[in-house]
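The values are calculated or read from the model by the stated rules, or taken from the named source; none is laboratory data. For clarity, every value in this text was computed on a predicted model and none was experimentally measured. Here Cβ is always computed from backbone atoms with ideal geometry, including for glycine, and neighbour counts include all displayed protein chains.
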Amino acid sequence: MTEIIDGNAVAQSIRDDLVASIDRLADAGHRPSLATVLMSEDPASETYVSMKQDDCEEVGIEAIDIDIDPDADAAELYDTIEDLNADDDVNGILVQMPVPDHVEDRSVLRAIDPMKDVDGFHPENVGRLVAGDARYKPCTPHGIQKLIESAGVDTEGKDAVVVGRSDIVGKPMANLLIQKAPGGNATTTVCHSRTENLAERTRNADILVAAAGVPEMIDGEMVQEGATVIDVGINRVDADTEKGYELVGDVEYESAKEVAGAITPVPGGVGPMTRAMLLYNTVKATGLQHDIDVDLP
């Protein structure tokens, strides 16, 4: 019988485990704090930031919320980041993407102090990840590692296929899977929009991570029997519902779950884990900045 990997439950367990570390830091006079900068009126971004704020409140992390008018000059955003970098009471900085077209997103990521880059996207942190010495693992790939672990799947020696090559998920996910470390040691293939014979490659995967942003592009016929399927996609498609749409992943769930050994649903799979690992990185950042050993789950 296929195991449905409950991301909400795993994320809740991680949040619960973080509380002791947060309390320890607070007792030492350093309650973790996360600054979130929003320069967008995108409803999805606003909702996501609100959910992160709720997560922080639940575990005792101070949430600092900064809204910048999307029409403001890029300089206002960079000045805000500079102020947050210099503020010793701020441990983590997150600039919610996407930013407006007149702001270059890579420049924004480079502007954040790498010690406070709890998304793990600053070039210094990306380099450390590739070198096998990650300071902060990017939240979604790290959350996927935790989901795979929760399903009792050993990645060592397995054939893993990552569909998608984004800087946020695909590339760092592949890097984590090949690391000589727990949650790694997999023989890893990265597929993308130019990959030929995609189905042939995905059918060979013991572990399949779908992160291409294409609704239901992976169906059951593309999944090896007994494989662990992690669906990162969250896509709005038109539907006869009250909202006029429904959320689907990059995997056609009903057919894939008939053959997979374990699978994540959408929603309720990877999404909650991304937010949980952001809290994890914020706690880790606080410990590193104040030279306090934090026992993380």
Exercise for review: Identify, by number, the condition in (1) within 25 Å of Cys56 (Cβ to Cβ); (2) surrounded by fewer than 24 Cβ atoms within 10 Å (Cβ to Cβ); (3) not basic (Lys, Arg) that Ala285 doesn't meet.
Suggested key: (2)
Check your understanding: Within segment 113-161, restricting attention to residues that are touching a Ser or Thr at 6+ places or on another chain (Cβ under 8 Å) and over 23 Å from Arg275 (Cβ atoms), which residue is surrounded by the most Cβ atoms within 10 Å (Cβ to Cβ)?
Key -> Val161
Review point. Tell me, which residue of segment 48-72 that is acidic (Asp, Glu) and crowded, with 16+ Cβ neighbours inside 10 Å is nearest to Lys116 (Cα to Cα)?
Key: Glu62
**Study point:** Single residue of segment 75-96 satisfying the filter (among the aliphatic types (A, V, I, L, M) and surrounded by fewer than 17 Cβ atoms within 10 Å (Cβ to Cβ)) that is nearest to Glu41 (Cα to Cα)
**Key:** Ala75
Check your understanding: Within segment 248-267, restricting attention to residues that are surrounded by fewer than 19 Cβ atoms within 10 Å (Cβ to Cβ) and over 25 Å from Asp154 (Cβ atoms), which residue is modelled with the lowest pLDDT?
Key -> Pro267
Revision key, fill the gap. In segment 147-172, anything free of Cβ contacts under 8 Å to residues at least 60 places away in the same chain and outside any loop (DSSP other than H, G, I, E, B) is listed as Glu149, Asp159, Ala160, Val161, Val162, Gly170, Lys171, Pro172
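To keep it simple, each residue is scored yes or no on (1) in contact with a Ser or Thr (Cβ under 6 Å, 6 or more places away or on another chain); (2) β-branched (Val, Ile, Thr); (3) at positive phi.
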position	(1), (2), (3)
Val190	no, yes, no
Asn204	no, no, no
Met222	yes, no, no
Ile230	yes, yes, no
**Study point:** Filtered residues of segment 55-89 (kept if touching a strand residue (DSSP E or B) at 6+ places or on another chain (Cβ under 9 Å) and either aromatic (Phe, Trp, Tyr) or closer than 25 Å to Asp16 by Cα (or both))
**Key:** Asp55, Cys56, Glu57, Ile61, Glu62, Ala63, Ile64, Asp65, Asp89
Point to revise | Number of the condition not met by Asp206 [criteria: (1) surrounded by 24 or more Cβ atoms within 10 Å (Cβ to Cβ); (2) touching a residue at least 40 places away in the same chain (Cβ under 8 Å)] | key: (1)
Exercise for review: Please work out which one of (1) surrounded by fewer than 20 Cβ atoms within 10 Å (Cβ to Cβ); (2) of a type outside the set (S, T, N, Q); (3) under 17 Å from Thr274 (Cα atoms) is the condition Ile178 fails and give its number.
Suggested key: (3)
Check your understanding: Condition test on Arg275, is it of a type in the set (Lys, Arg) and closer than 25 Å to Ala134 by Cα?
Key -> yes
Review point. Out of all the residues in segment 214-247, which are at pLDDT below 95 and either small (Gly, Ala, Ser) or in a strand (DSSP E or B) (or both)?
Key: Asn235, Arg236, Val237, Asp238, Ala239, Gly244, Tyr245, Glu246, Leu247
Practice item. From the list Asn175, Asn185, pick out the single residue that is outside any loop (DSSP other than H, G, I, E, B) and not hydrophobic (A, V, I, L, M, F, W, C). Key: Asn175
Review point. Just for segment 192-203: of the residues that are closer than 11 Å to Ala160 by Cα and touching a helix residue (DSSP H, G or I) at 6+ places or on another chain (Cβ under 8 Å), which one is surrounded by the fewest Cβ atoms within 10 Å (Cβ to Cβ)?
Key: Arg203
Exercise for review: Would you please name the residue that is surrounded by the fewest Cβ atoms within 10 Å (Cβ to Cβ), looking only at residues in segment 1-47 that are among the acidic types (Asp, Glu), part of a helix (DSSP H, G or I) and under 19 Å from the mean Cα position of the chain (by Cα)?
Suggested key: Asp16
